[in-house]
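A.B. asks: Handing you a structure now.
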Amino acid sequence: MSHSFVPSPNVASIQESATIAVSQRAKALRAAGRSIIDLGAGEPDFDTPPFILEATKAALDAGATRYTAIEGILPLREAIAADATRRRAGRGELPVTAGEVVVSTGSKQSLQNATYALFGPGDDVLVPVPSWVSYFEMVGLSRARAVGVPGDPKRDLKVTPDLLRAAATPATKGLMLNSPSNPTGAVYDAAELQAILEVAAERRWWVISDEIYGRITYSGTAAPSVLDLASSRDQLVVVNGVAKAYAMTGFRIGWTIAPRALSQAMTALQSHTTSNASTPAQYAALAALTRTAEADAALAVMVTEFRARRDMALDILREGVPALELVQPQGAFYLFFKAPGGDGTRFANQLLEHEGVAIVPGAAFGTPEWVRVSYAAARPDVEQAMRAIVRQWSA
Ligand code: GLU
């Protein structure tokens, strides 16, 4: 008798993460001897700052090798809460407390904890389009329905209160927000965020705000956070982590700030899935969040370099392809533009095949006409890849 695998309904329609798949393919081609420039990965190419590595080693030497509380070590949750409270200075609301923080294995798990705890069968969740690939799947895994809301091309593909209202149904229970945006690099300004929060409050929608790129912006200040703006945190989940701002992708530390009852439900869920996030990695994150002068200095170096690459890439693309339809990136480290012939998948394949440059087709983000290019790669590689894009444009 053959025992072939029949996927359960839980995963029957799940797709592997396209952003990860592109990087894996680039790595495989490289291993096979091809010279590849990988602009697929959404991962800073910088080393983790040495002071964080030293703190991690010291924590290991001091015995940070055992289980911690499911929701994370108290000093880390206190540091996260203190950071969030600083952001709310002057709003007169209660400070964020450690009890509202759950630390998880990367902000991916934080997002999944939140969608799973909040949504279920019969619920609709608004997902701006384009959006990062995993929001659609995470909502689907919760057995809720992800309702794509195409962003306004005149506003860097951002959604507006009117677009959200038009897409809403009586079943709408929540909204995924992400600013700075992956894949576009667009940043919602305070007024835009405020207006969206007002609609959400009026309709009693939950807002899950993924702020993982919040500190990687080109305006000189952090992107506005819903924590700065919401009049109440009753239906707010803020997701963040150390991966992008401190070049700590492999540490896998993310967190949620959410009302206490929801945090308790997410902690219970996590107690059955992964338990606490890696103990030494929690101490690494604690160093990143508490040794702020060193962390800020490392971040500033990274952002300055990202800005230089972004400007160079934009110059080459705009000169080489004057009609390019592109979002002006104000944060994160992505360029998002419409592919020639409106076929992002074909263009991404063509670039990989003929030029050895890996980028992510926009289909991964709900926008098949577009492509995403990450400039988290060495400057000469970014330059070479932009010239390859220009060459292939009319090929
Ligand atoms: N978030 C990054 C990206 O969009 C890392 C890969 C992933 O987790 O999707 O490329």
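A.B. asks: What shape does the chain have by the C-alpha gyration tensor, where a ≥ b ≥ c are the square roots of the eigenvalues, rounded means a/c under 1.5, and otherwise prolate means a/b greater than b/c and oblate the rest? Provide the component values of the computation, followed by the final result.
C.D. replies: Numbers: a/c = 1.37, a/b = 1.24, b/c = 1.11.
The shape class here is rounded.
A.B. asks: In addition: Loop-only check: which trypsin sites (Lys or Arg not before Pro) in region 26-82 are DSSP coil with at most 12 other Cβ within 10 angstrom? Don't skip to the answer; put the middle values down first.
C.D. replies: Details: sites: K27, R30, R34, K57, R66, R77; in loops: R34, R66.
Here the sparse-neighbourhood loop sites are R34, R66.
A.B. asks: Where in the chain are the DSSP H helices whose C-alpha atoms run 18 Å or more along the long axis and whose mean Kyte hydropathy is at least -1.0? Working shown, then result.
C.D. replies: Values: long enough: 18-31 (19 Å, 0.26); 74-87 (20 Å, -0.25); 106-118 (19 Å, -0.55); 190-203 (20 Å, 0.49); 260-273 (20 Å, -0.20); 292-320 (41 Å, 0.09); 379-393 (21 Å, -0.77).
Membrane-span-like by this rule: 18-31, 74-87, 106-118, 190-203, 260-273, 292-320, 379-393.
A.B. asks: Can I ask one more? Among the trypsin sites (Lys or Arg not before Pro) in region 114-223, which ones are in a DSSP loop with at most 10 other Cβ atoms within 10 Å of the Cβ? Mind listing them?
C.D. replies: On the way: sites: R143, R145, K154, R155, K158, R165, K173, R203, R204, R215; in loops: R143, R204, R215.
Those that pass, being in a loop and sparsely packed, number zero.
A.B. asks: For a quick check: with amide H placed at 1.01 Å from N, whose amide H comes under 5 Å from E325's, ignoring anything fewer than 5 positions away on the same chain?
C.D. replies: For E325, whose amide H was placed from the backbone, the distant partners under 5 Å are K338.
A.B. asks: List the chymotrypsin sites (Phe, Trp or Tyr not before Pro) in region 51-134 that DSSP assigns to loop (not H, G, I, E or B) and whose Cβ has at most 14 other Cβ atoms within 10 Å. Which are they? Mind showing how you got there, number by number?
C.D. replies: Numbers: sites: F51, Y67, Y116, F119, W132; in loops: Y67, F119, W132.
Here the sparse-neighbourhood loop sites are Y67.
A.B. asks: Which one, S8, A323, A31, projects farthest toward the positive side of the charge dipole computed for the chain from Cβ point charges (K/R +1, D/E -1)?
C.D. replies: Value computed over the given set: S8.
A.B. asks: Net charge around P329, counting only other residues with Cβ within less than 12 Å of its Cβ (Lys, Arg = +1; Asp, Glu = -1)?
C.D. replies: Details: positive: R307, R309, R310, R372; negative: D156, D311.
Neighbourhood net charge equals +2.
A.B. asks: Divide by every residue of the chain the summed helix terms, -39500 (n - 2.57) for each DSSP H run of at least 4, and state the resulting mean residue ellipticity at 222 nm, rounded to the nearest 500 deg cm²/dmol. Present the calculation step by step, with values, prior to reporting the outcome.
C.D. replies: Numbers: 13 runs with 169 residues, N = 395.
Calculated mean residue ellipticity at 222 nm is -13500 deg cm²/dmol.
A.B. asks: Hey, another quick one. Among K27/K173; K108/K158; K173/K338; K27/K108, which pairs are too far apart, with a Cα-Cα distance over 28 Å? Numbers along the way, then the final one.
C.D. replies: Working: K27/K173 40 Å; K108/K158 22 Å; K173/K338 32 Å; K27/K108 22 Å.
Cα-Cα > 28 Å for K27/K173; K173/K338; rest within.
A.B. asks: Sticking with this one: Placing +1 at every Lys and Arg Cβ and -1 at every Asp and Glu Cβ, with all other atoms neutral, what dipole size does region 213-317 have around its Cα centre, in debye to the nearest 20? Working shown, then result.
C.D. replies: Details: 9 positive and 7 negative charges, 42 e Å.
That gives a dipole near 200 debye.
A.B. asks: In addition: Decide, for region 274-391, between rounded, prolate and oblate: order the square roots of the alpha carbon gyration tensor eigenvalues as a ≥ b ≥ c, take rounded if a/c falls under 1.5, and otherwise choose prolate if a/b is larger than b/c, else oblate.
C.D. replies: Working: a/c = 2.60, a/b = 1.75, b/c = 1.48.
Prolate shape, in that a/c is at least 1.5 and a/b is the bigger ratio.
A.B. asks: What shape does region 261-339 take by its C-alpha gyration tensor, where a ≥ b ≥ c are the square roots of the eigenvalues and a/c under 1.5 counts as rounded, a/b above b/c as prolate, and the rest as oblate? Walk me through the intermediate numbers first.
C.D. replies: Details: a/c = 4.12, a/b = 1.87, b/c = 2.20.
Oblate, since a/c reaches 1.5 and b/c is not below a/b.
A.B. asks: So who's got an amide H within less than 5 Å of the one on V147, skipping anything under 5 residues away but keeping other chains? H placed 1.01 Å off N, in plane.
C.D. replies: V125, L126, V127
Read-outs: derived from the displayed coordinates by stated rules, not from any lab. These numbers were taken from a predicted model, which means no experiment stands behind them. Cβ coordinates were reconstructed from backbone atoms using ideal geometry, including for glycine residues, and neighbour counts include every protein chain displayed.
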